[in-house]
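Heads up, the thing below is written out as structure tokens.
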Amino acid sequence: QVQLIESGGGLVQAGGSLRLSCAVSGGSFSTYNFAWFRQPPGKERAFVGAIRRADTSTFYADSVKGRFTISKDNAQDTVYLQMESLQPEDTAVYYCAAAQSWVVFTTTNAYNHWGQGTQVTVSS
């Protein structure tokens, strides 16, 4: 029932910033945990970060910790991924995901709702 639509991707130079948005509709926003995953070309989809429903605590992959920040706006039913100090290795399709449970949250199998993805390309 819930629908996720990512936006905000694009081309950015190394060292630059982008903010991705995940608009949520068709469900009760407050009942979901959210995560961001990314899939570089030729590689597996990997965990980027997550925000817990219960207490809004956030968790990040080591590769992005200190550079990326996940947040949500309950009034807008939107989840954000603020990306700073982008590097070419951050180039990937970025996906928003949602689940009502909080189990093994760094794996794709933990999430049963996914957006269509948005491309982020970082040039050197």
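The table that follows gives values for the structure above.
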read-out: Selection from Thr56, Tyr94, Met83, by position along the positive dipole direction of the range 42-99 (Cβ); value: Thr56
read-out: Rg [Å, one decimal], Dmax [Å, integer] - the chain, C-alpha atoms; value: 13.4, 41
read-out: For the range 31-45 versus the range 53-124, the gap between their alpha-carbon centres in whole angstrom; value: 7 Å
read-out: Residue-by-residue Karplus 3J(HN,Hα) for the range 65-81, coefficients 6.51, -1.76, 1.60, Hz, glycine and proline x; value: 4, x, 10, 10, 9, 9, 8, 9, 10, 5, 5, 9, 6, 9, 10, 10, 10
read-out: Rounded percent of accessible protein surface that carbon and sulfur make up, the chain, 1.4 Å probe; value: 46 percent
read-out: For the chain, accessible area per residue (1.4 Å probe, heavy atoms of protein chains only), Å²; value: 50 Å²
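The values are calculated or read from the model by the stated rules, or taken from the named source; none is laboratory data. All values reported here derive from a predicted model rather than from experimental measurement. Cβ atoms come from the backbone with ideal geometry, glycine included; neighbour counts cover every protein chain shown. Just so you know, the surface numbers come from the protein's heavy atoms only, side chains and all, with ligands and any DNA or RNA stripped out. Shrake-Rupley method; radii C 1.70, N 1.55, O 1.52, S 1.80 Å.
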